[in-house]
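Participant: Before I ask anything, let me first share the structure, which is written out below as structure tokens.
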Amino acid sequence: MTIDRKTKVDGKEEEKEESIAVLEEEGEGEEKTELLYGVENTISRGIQFMQNAKEHMDLFGEKNGPSIIIEFPDVYKNNYIAAKDRGVKIRFITEITEDNIHYCKELMNIVTEFRHLDGLAGGIAVTESEYMTTTTLRKKELLTQVFYSNASEVVKQGQYIFDTFWNKAIPAKQRIREIEQGLEPEFFEVITDNKKATEILVDLAKLAKKEVLFLLPNDRALIRMDRLGVIDYLIGSSLKNGAQVKIVCPLSSDNEEIVDRMSTSAPNINILNGNNTGYGILIVDNKRFLRAELREPFATEFFDAIGYTIYSNSKPSVESFKSIFELLWDERTLNEELKRAYKMQKEFINIAAHELRNPIQPILSISEVLRGMIRDSQQRELLDVTVRNAKRLRQLTEDILDITRIESNLLQLKRERFSLNDMIINCISDFRNQIKNENRDSNLKLEASFSLDEDAYKKDDDKDDILIEADRNRLYQVLSNLLNNAIKFTKEGTISVSVMTKRRKGKEKEKENSYNEIIVSISDTGPGIDPEIFPRLFSKFSTKSETGGTGLGLYISKSIIEAHGGKMWAENNNHNNNNLTGVEKRGTTITFTLPNR
């Protein structure tokens, strides 16, 4: 097949016969693919192409495309309008620039949908049944060469190409607004090239003017930033531009020097201790953000540490990540403030308790001396009140000091080997004397019982003593607290301390993991634990005002037992056990265990 192509020679038109590559012979209803030369041929094929469109016509062209459509209305513009009037949906993509923006605005009123994409070259057009493409579009010039096909596979491929570009393009209105308002075009990029991500990170640190928000995933990340020079750039931005820099990063001895350097070099750099995360975020001037996945936490270089990275200036995305950072910043700030307040509170309580302790002992000593010198019963009773309240005040100060030690992890145990039997018997004897001196009801009895597991302990010289290695004074304190509570709530009946030993197996079955466990139970026949108090029995200040006391004893006792490696719990006695007497069915049992390896 041949066509006549007009060319100009010495300013005159002359016809020249050129061949056209025809891949399939043209015939009625047959598929054909051809390359057309010459304005007359390309125009003819293009007009027929637009008139054949029934459902949709998708086109993209480089930045010169809009000028060709608008400047040649009889060829393109009017045929676009006619196709749209027939119900054809027209989608168009081009690169919108300052030079072609006026053509694009007019074209927006003609096509159905219009989008912008940077860097387009040439152009394509595809309908439900035909495909055309050209490699070059010259401003305000008609096409002189096109490729055409109605082969279904070619049309299908052309549609795929267009859809790929369409999905990457942005609305034309957005791009026009960016040009007219001098805004930077929005982008959202997923980066898999770690070298490129590193370059972007450094550039962002260099360009910071007003604000930098930096979330680092682990303590080594700060070291990686220092190696890249990012820390020096941030210090420079803070000093030169007054940029506010906020960094949330896990702090450790490894990055301590860098933190000190930043804090002393630039007053506008603030650093808070954070938690380890699986990613890092950098937000600069509320305009751009970089989010990098942490793949290798212990890597020396940033390049080796990261996985995929997201880089964008999308305003909604920037604001979203900024909100996340600010939530973390506020949470860490509040946490630091609470720590400082708690530290100050503990220091105050510790000082106050020590200051209270100093005058109490002289008051007690002098009161005891005076009591021995005075014969007047009324005056002795007044001194008894003084001594009793001074002892309560002394106990309160000791409890406060113990709580301070416990919560500061400063509770130290002075372990020694001693007879648990003797300690318990002596403690019970002391309380019996106390009850007698206070003229308490003689129906209240205190007793102790001991039961040894023969596999756990072997008798030595026919003695049943249970020897234990522990802090004697602290265990005496625990037992005193528990007996004092039992006596306070028991008007009659029996308070019993029972001790038994058992052989326990460790997590492994090896013999060396076996150990002796001592179980101590203090039971009373009082009213039992109030249901309101029971859930928080071992918490600080768990008490009811009518019962008196500070509610600190059980908390301290449980902490002492746990410091020894044991456990403590409480339960009301079994009211459903028919083997118990009426008195025994009432009351409470508090039990604690102690390992004795």
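Participant: (1) more than 38 Å from the chain's Cα centre (by Cα); (2) over 28 Å from residue 131 (Cα atoms); (3) of a type outside the set (A, V, I, L, M, F, W, C): which one isn't true of residue 159, the others all being true?
Facilitator: (2)
Participant: Restricting to the range 292-309, and then to whatever is surrounded by fewer than 19 Cβ atoms within 10 Å (Cβ to Cβ) and closer than 23 Å to residue 246 by Cβ, can you tell me which residue is nearest to the chain's Cα centre (by Cα)?
Facilitator: Filtering the range 292-309 for residues that are surrounded by fewer than 19 Cβ atoms within 10 Å (Cβ to Cβ) and closer than 23 Å to residue 246 by Cβ, the one nearest to the chain's Cα centre (by Cα) comes out as 293.
Participant: Could you list all residues from the range 79-109 that are over 22 Å from residue 186 (Cβ atoms) and part of a helix (DSSP H, G or I)?
Facilitator: The answer is 79, 80, 81, 82, 83, 84, 85, 102, 103, 106.
Participant: Now for a different question. Which ones in the range 323-335 are surrounded by fewer than 12 Cβ atoms within 10 Å (Cβ to Cβ) and among the acidic types (Asp, Glu)?
Facilitator: Hit for the range 323-335 is 330, nothing else.
Participant: Okay, moving on. Only residues in the range 387-398 that are assigned by TED's automatic domain parsing to the domain that holds residue 358 and closer than 17 Å to residue 541 by Cβ count as the first member; pair them with residues that are of a type in the set (S, T, N, Q) and not in a helix (DSSP H, G or I), Cβ under 8 angstrom, at least 6 apart or cross-chain, and list the lot.
Facilitator: So the pair list comes out as 396/550.
Participant: For residue 273, all conditions in the list (1) over 30 Å from residue 404 (Cα atoms); (2) in contact with an Asp or Glu (Cβ under 9 Å, 6 or more places away or on another chain) hold save one; what is the number of the exception?
Facilitator: (1)
Participant: Same structure again: Would you confirm, using the coordinates I've provided, whether residue 44 is in contact with a Lys or Arg (Cβ under 6 Å, 6 or more places away or on another chain), at pLDDT 90 or above, small (Gly, Ala, Ser) and under 26 Å from residue 120 (Cα atoms)? First the steps, then the outcome.
Facilitator: On the way: in contact with a Lys or Arg (Cβ under 6 Å, 6 or more places away or on another chain): no; at pLDDT 90 or above: yes; small (Gly, Ala, Ser): yes; under 26 Å from residue 120 (Cα atoms): yes.
Judged against the criteria, residue 44 is not a match.
Participant: Being part of a loop (DSSP other than H, G, I, E, B), closer than 23 Å to residue 296 by Cβ and either outside the structural domain of residue 302 (by TED's automatic domain parsing) or of a type in the set (A, V, I, L, M, F, W, C) (or both) is the filter here; which residues of the range 214-263 pass it? Don't jump to the end; show me each part of the working.
Facilitator: Step one: filter the range 214-263 for residues part of a loop (DSSP other than H, G, I, E, B), giving 216-218, 229, 242-243, 250-255.
Within this subset, residues satisfying the condition of being closer than 23 Å to residue 296 by Cβ are 216-218, 229, 250-255.
Passing the criteria: 216, 251.
Participant: Scanning for something surrounded by 13 or more Cβ atoms within 10 Å (Cβ to Cβ), in contact with a Pro (Cβ under 6 Å, 6 or more places away or on another chain) and either at pLDDT 90 or above or on the phi < 0 side of the Ramachandran plot (or both), does the range 213-228 turn up at least one residue?
Facilitator: For the range 213-228, residues surrounded by 13 or more Cβ atoms within 10 Å (Cβ to Cβ), in contact with a Pro (Cβ under 6 Å, 6 or more places away or on another chain) and either at pLDDT 90 or above or on the phi < 0 side of the Ramachandran plot (or both): present.
Participant: Okay, moving on. So, restricting to strands (runs of 3 or more DSSP E) that lie completely within the range 110-209, which ones have at least 1 residues that are among the acidic types (Asp, Glu) and touching a residue at least 12 places away in the same chain (Cβ under 8 Å)? Walk me through how you get there before you give the answer.
Facilitator: Values: elements: 113-116, 123-127, 131-134, 145-149, 188-191.
Per the criteria, 113-116, 188-191.
Participant: Another question, if that's okay. How many residues, within the range 395-423, are of a type in the set (Lys, Arg) and part of a helix (DSSP H, G or I)? Write out each step before concluding.
Facilitator: Narrowing the range 395-423 to residues of a type in the set (Lys, Arg): 405, 414-415, 417.
Subset that is part of a helix (DSSP H, G or I): 405.
The total comes to 1.
Participant: Please go through the range 352-391 and give me each residue that is of a type in the set (Ser, Thr, Tyr) and modelled with pLDDT under 80, ordered by number. So that I can check it myself, show each step before the final result.
Facilitator: First pass over the range 352-391, keeping only residues of a type in the set (Ser, Thr, Tyr): 365, 367, 377, 386.
Selection gives nothing.
Participant: Next question, about the same structure. Across the range 71-99, which residue is surrounded by the most Cβ atoms within 10 Å (Cβ to Cβ) among those that are aliphatic (A, V, I, L, M) and under 16 Å from residue 174 (Cα atoms)? Walk me through it before giving the result.
Facilitator: The first filter runs over the range 71-99 and keeps only residues aliphatic (A, V, I, L, M), leaving 75, 81-83, 88, 90, 93, 96.
From the residues that got through so far, the ones that are under 16 Å from residue 174 (Cα atoms) too are 93, 96.
Values: 93: 26, 96: 29.
Selected residue: 96.
Participant: Quick one: would you say residue 428 is in the same structural domain as residue 589 (by TED's automatic domain parsing), of a type in the set (A, V, I, L, M, F, W, C) and modelled with pLDDT of 90 or more?
Facilitator: On the way: in the same structural domain as residue 589 (by TED's automatic domain parsing): yes; of a type in the set (A, V, I, L, M, F, W, C): yes; modelled with pLDDT of 90 or more: yes.
Yes.
Participant: Follow-up. Across the range 224-253, what is the number of residues that are in contact (Cβ under 8 Å) with a residue 60 or more places away in the chain and within 24 Å of residue 333 (Cβ to Cβ)?
Facilitator: Going through the range 224-253, the residues in contact (Cβ under 8 Å) with a residue 60 or more places away in the chain turn out to be 224-225, 227-228, 246, 248.
Retained after the next criterion (residues that are within 24 Å of residue 333 (Cβ to Cβ)): 225, 246, 248.
Of the residues in the range 224-253, 3 are in contact (Cβ under 8 Å) with a residue 60 or more places away in the chain and within 24 Å of residue 333 (Cβ to Cβ).
Participant: Answer yes or no as to whether residue 525 is part of a loop (DSSP other than H, G, I, E, B), over 30 Å from residue 415 (Cα atoms), among the hydroxyl-bearing types (Ser, Thr, Tyr) and at pLDDT 85 or above.
Facilitator: yes
Participant: In the range 55-71, what residues are touching a Lys or Arg at 6+ places or on another chain (Cβ under 8 Å), outside any strand (DSSP E or B) and among the charged types (D, E, K, R)? Spell out how you get there, then give the answer.
Facilitator: From the range 55-71, those touching a Lys or Arg at 6+ places or on another chain (Cβ under 8 Å) are 55-59, 64, 67-71; that's our starting set.
Subset that is outside any strand (DSSP E or B): 55, 64, 67-71.
Hits for the range 55-71 are 55, 71.
Participant: Scan 504, 474 and give me the residue that is modelled with pLDDT under 85, assigned by TED's automatic domain parsing to the domain that holds residue 445 and under 20 Å from residue 563 (Cβ atoms). Can you show your working first?
Facilitator: On the way: 474 fails: modelled with pLDDT under 85.
Exactly one residue qualifies, and that residue is 504.
Participant: Please verify whether the range 403-413 includes one or more residues that are of a type in the set (D, E, K, R) and free of Cβ contacts under 8 Å to residues at least 40 places away in the same chain. Steps first, answer last, please.
Facilitator: Filtering the range 403-413 for residues of a type in the set (D, E, K, R) gives 405, 407.
Still in the list and also free of Cβ contacts under 8 Å to residues at least 40 places away in the same chain: 405.
Within the range 403-413 (the criterion being of a type in the set (D, E, K, R) and free of Cβ contacts under 8 Å to residues at least 40 places away in the same chain), the answer is yes, since at least one residue qualifies.
Participant: Suppose we filter the range 123-140 for residues that are touching a strand residue (DSSP E or B) at 6+ places or on another chain (Cβ under 9 Å) and surrounded by fewer than 14 Cβ atoms within 10 Å (Cβ to Cβ); how many remain? First the steps, then the outcome.
Facilitator: Restricting attention to the range 123-140, the residues satisfying the condition of being touching a strand residue (DSSP E or B) at 6+ places or on another chain (Cβ under 9 Å) are 123-128, 130-137.
Cutting the leftovers down to surrounded by fewer than 14 Cβ atoms within 10 Å (Cβ to Cβ) gives us 135-136.
Number of matching residues: 2.
The values are calculated or read from the model by the stated rules, or taken from the named source; none is laboratory data. As the structure is a prediction and not an experimental result, all values here were calculated from the model. Cβ sites come from the backbone with ideal geometry, for glycine too, and all protein chains shown count toward neighbours.
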